[in-house]
Amino acid sequence: MPEHPGTPLLEVEGLGIRFGGLHAVRDVTASLPPERITAIIGPNGAGKSTFFNLISGFYAPTSGRIRFQGEDITRLKTHQVVGRGIARTFQTTTIYKELSVLDNAMIGHRVRTRSGLWDALLRTGREQRDERESRDGAMRALERVGLAGQAGRPAGALTQEGQKRVGIAMALSSDPRLLLLDEPAAGMNPEETVNLMGLIRELVGGGLTVALVEHKMSLVMGLADEIVVLHHGQKIAQGTPGEVSRDPAVIEAYLGGHAHGGQMGQPGAAGSGASGTEEGAHA
Amino acid sequence: MTRSGFKPGPLVWVAVFALAALLPLLQPGGFVLDVAINVMIWSMVAYGLNVMLGYTGQLPLAHAGFFGIGAYTVGILTLKQGWNFWLAWPAAIVICALGGLLLGLVAFRTKGDAFSIFTLGVGVIIALVINKWDSLTGGNDGLNGVPPASSLFGIDFSRSANFYYVALAALALTVLIVARTRQSVFGRSLVAIRGGEDLARSAGIDVYSHKLRALMLSTAIAGLAGGVYAAYVGFLGSAVAGPTTTFTVLLYLLVGGVGTLAGPLLGTGIVYVALQFLKGLQDYQYIVFGPLLVLLVLFAPQGLAGLWDRAQARRVQARAERAVDHA
């Protein structure tokens, strides 16, 4: 890719947002290295999803700055952020269930087209070109997630995993550099989770940068190159999975609030090994 | 390759309009012609409302107000200013589009029910302004003697049989515009907004500007219909711009099928004609009409056109499943 390997794709500096008296995210400074998978983890209510909502322009931060590819995007609206190359998916399978898989993906491509109402009414050349490009772009995205063969089906008729893939295809249609996945494995069984991990790896192999919020530690430990740990809206650690799982502050945060915190260390690593072999079997 | 190959739509529409164009040649009675022209006028308003409710998922309740603005614009310009109808009509459409823009700039700060209620208030205010602004609109007395559409290419449009074609052309234009909008890149974004505003936003759609443009189109169509109405009826009273009119049109749309292309015409035609027949019952007409409506909502919540669409969808689904089985 054109950038220097060391330059982060996304940098946030002193990022924070208050809802009334509550600091949902507070003074977070972090960066996402390009073409890597960064996981945002933390106990429930740590501000992970809010962090995503800030980056994607869904919420306006009350403090701090966000830079993407060197450009300040702090005050941009969501559609402008998507236009710059940041796409996201939602926690639950939020897609247009009554529309076809292809239509879902074409909606994601809208940000790359300029056709407006006049183009629609007059069937201008731009309208026809945009329509064609939407279709092509959407089909490319569907091929990337392995849904090209189901383009005509209603999205709601797909399996849970299929619907997750539709959501990812919708995001990919906007041709992003950075993909934000909010709990991509929520509601998935272990096999589907492994498939999803394979897909994410493929996407990153193709030059995409991924940031994800996830609770399933097996997925996080097996997939992430880098982990950012949030607790009470603040960043308490950042590093490789190995570094983070040994970090005393992280262990304290997880053990302090959650009985499951102990899973972070060994069982997590073991889980990632297991999923790695399953992944190999699939490939 | 994924879009269902066979689309009867355009051909059916051409056939419907071709048949409708033959009606005056049969020299029907004045009553039939009057009903037909009224159905066309009101179905245009229903099409305008459908752009918002059916395709964008927003329910504005000020449409009668814009219909009134369109009608009064034509009425005032032709009656008081001596304008030619063919100039006043486009002016009415432009004014309604701009009015839609102004409304949207404020109203889209609200969402959902709040948006509907806000626009309902605006609709009431428009009707009140028309009613009270005596010097401009004639106030309570209304605007009497709006001239019929002036002759064009030697065709005398003061005759109902000829004016019928003006309404028919306006309706055809409306259907074409709405169909093209729905099928476009722009229209797909509207459907995305209908499906979920937050999702559309995060998918990269500029929700606000799309809603604004949809509302402008919607109110412009109401103005288009209002212009036809003014020239046809020749008398304008402020009541036509009030909320009762809005809800009547909404009823047409609900019966015909929200979000469908045939729905507005179908619903307006059936309800308007049915109400003509029930007119003999006077105030009791709604005792008959009410239960019919309840039955419709129970058994065809998507309206009459929705029934057809559902059957169609089942057929497509069955075909897709057969194709999967074969593969």
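Here, each number is a calculation from the coordinates, and none is a lab measurement. Predicted model, so just to flag it, every value in this text is computed and none were measured. FYI the Cβ positions are ideal-geometry reconstructions off the backbone, even for glycines, and counts take in every protein chain you see.
Below, the figures for the structure above:
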{"quantity": "Percent RCO, i.e. relative contact order, over chain A, from Cα pairs under 8 Å lying at least 6 residues apart", "calculated": "24 percent"}
{"quantity": "Rounded FRET efficiency, nearest 0.05, which uses the C-beta distance separating B:Trp133 from A:Gln234 and R0 of 45 Å", "calculated": "0.15"}
{"quantity": "Residue-wise HN-Hα coupling along segment B:204-211, computed from phi with Karplus coefficients 6.51, -1.76, 1.60 (Hz; x: Gly, Pro)", "calculated": "x, 8, 7, 4, 4, 5, 5, 5"}
{"quantity": "q = 0.15, 0.16, 0.28, 0.31 Å⁻¹, segment B:87-143: log10 I(q)/I(0) [Debye, one scatterer per Cα]", "calculated": "-0.57, -0.64, -1.05, -1.09"}
{"quantity": "For A:Glu191, A:Glu127, A:Glu143, order by how many other beta-carbon atoms lie within 10 Å, fewest first", "calculated": "A:Glu191, A:Glu143, A:Glu127"}
{"quantity": "Among B:Ala46, B:Ala170, B:Ala18, residue whose mean-square fluctuation peaks in a GNM of chain B (springs only between Cα atoms under 10 Å)", "calculated": "B:Ala18"}
{"quantity": "Least to most buried among A:Lys235, A:Lys97 (fewest other Cβ within 10 Å first)", "calculated": "A:Lys97, A:Lys235"}
{"quantity": "For A:Ile227, distant residues with modelled amide H under 5 Å away", "calculated": "A:Ala39, A:Gly239, A:Thr240"}
{"quantity": "Histogram of C-alpha separations across segment A:141-229, 10 Å bin width, %", "calculated": "16, 53, 28, 3, 0"}
{"quantity": "Reachable aspartates and glutamates from B:Lys211, criterion Cα separation under 12 angstrom, eight or more residues apart if same chain", "calculated": "B:Glu197"}
{"quantity": "Angstrom value of the Kirkwood radius, inverse mean 1/r, which spans all Cα pairs in segment A:97-175", "calculated": "12.5 Å"}
{"quantity": "Selected from A:Gly20, A:Gly162, A:Gly239 as most flexible by GNM, with chain A as the system and alpha-carbon contacts under 10 Å", "calculated": "A:Gly20"}
{"quantity": "HN-Hα J in Hz across segment A:102-107 - Karplus 6.51, -1.76, 1.60, θ = phi - 60°, x for Gly and Pro", "calculated": "5, 4, 4, 5, 5, 4"}
{"quantity": "Fewest-first ranking of B:Leu49, B:Leu293, using other Cβ atoms within 10 Å as the exposure measure", "calculated": "B:Leu293, B:Leu49"}
{"quantity": "Separation of the B:Val14 and A:Gln80 label points, Cα + 7 Å toward Cβ, nm", "calculated": "4.7 nm"}
{"quantity": "Relative contact order %, chain B, counting alpha carbon pairs below 8 Å whose residues are six or more apart", "calculated": "30 percent"}
{"quantity": "Relative compactness, segment B:21-163, computed as alpha-carbon Rg over 2.2 N^0.38 Å", "calculated": "1.19"}
{"quantity": "Quarter of Cα convex hull surface for chain A, i.e. mean projection, nm²", "calculated": "16.0 nm²"}
{"quantity": "Cα-Cα separations in segment B:246-312 greater than 15 Å, expressed as whole percent", "calculated": "51 percent"}
{"quantity": "Segment A:1-116, relative contact order [Cα under 8 Å, separation at least 6], %", "calculated": "23 percent"}
{"quantity": "Distance between modelled label sites at A:Glu252 and A:Glu191, nm, 7 Å Cα→Cβ extension", "calculated": "4.4 nm"}
{"quantity": "Expected-Rg normalisation [2.2 N^0.38 Å, Cα atoms] applied to segment B:84-183", "calculated": "1.39"}
{"quantity": "Segment A:1-93 - convex hull of alpha carbons, volume per residue in Å³", "calculated": "115 Å³"}
{"quantity": "Dimensionless Rg over Rh [the protein assembly as shown; C-alpha; Kirkwood]", "calculated": "1.07"}
{"quantity": "Rg/Rh ratio calculated on Cα atoms of segment B:9-326 (Kirkwood radius)", "calculated": "0.98"}
{"quantity": "Which listed pairs, of A:Lys235/B:Lys111; B:Lys111/B:Lys279; A:Lys77/B:Lys111, have C-alpha distances above 29 Å, in listed order", "calculated": "A:Lys235/B:Lys111; B:Lys111/B:Lys279"}
{"quantity": "Candidate aspartates and glutamates - alpha carbon under 13 Å from A:Lys164, same-chain residues fewer than 8 apart omitted", "calculated": "A:Asp182, A:Glu183, A:Glu192"}
